[in-house]
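The next block holds one structure in the form of structure tokens; read it before the comments.
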Amino acid sequence: MPRRSLSPATVIAEAAVLADAEGLEAVTVSAVARRLGVQPASLYSHLPGRDALLDGLTELALGELAERVAEAVAGRAGHPALVALADAHRGYASEHPGRWGALQRRSGPGPVASSAAARLVALTRAVLRSYPVPEDDHVHAVRLLGSTVNGYLTLTGAGGFDHRTPSPDASWPRVLAALDVALRHWPTGPDPEETR
């Protein structure tokens, strides 16, 4: 196998292919080096270790997902935008399970501060502007969306819903309809912490 020219981008791209094929846990410096036909030491000048490799993979996935979400929600508002946002996440998780897994890990400061993360947050907040959620509550609404969508996709991917009918596909639109109702009827008034 001819030796490839290495750069952080080529190393991370190979890690992404490996993650999707074998799972995020399979992504190690040694495994990626084998796939690239080089010694592990060759990668350390590009990425200092596994954490940096996984952070790079997380940032790559954030960028790809943000692009997908942007295309999906363009020109939509309210429930159609919410469905498009959630379906973009679902499609990405299905097509790129290893990269999706990289989005579910606690990453370092690089991916968190990246332009890709900022774009994904901005797109999510744009969807929320269709709802009567006060700007100060957007962080709470983003957490509700993230925990519902990510939780559903994680449980579906693990086969957690395979033991009952109807199928998880049948429940998905109902989950999103319930989210739409929750966002349209967002609680107002004093912060619950202040009333205790």
Against the longest alpha carbon principal axis of the chain, how many degrees, from 0 to 90 and to the nearest 10, is the axis of helix 8-22 turned? 70 degrees
Looking at H138, V112, Y152, which one has the Cα that reaches farthest to the positive end of the dipole of the range 8-188 (charges on Cβ: Lys, Arg +1; Asp, Glu -1)? H138
Efficiency of FRET between T28 and S7 - r from beta-carbon atoms, R0 22 angstrom, step 0.05: 0.70
Kirkwood Rh over alpha-carbon pairs of the chain plugged into Stokes-Einstein at 10 °C, 1.306 mPa s gives a D in µm²/s of 86 µm²/s
Remind me, relative contact order of the chain in percent, using alpha carbon pairs under 8 angstrom and six or more residues apart? 21 percent
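FYI, it's all coordinate maths here, none of it is from the lab. The model shown is predicted, which means the values in this text are computed figures rather than measured ones. FYI the Cβ positions are ideal-geometry reconstructions off the backbone, even for glycines, and counts take in every protein chain you see.
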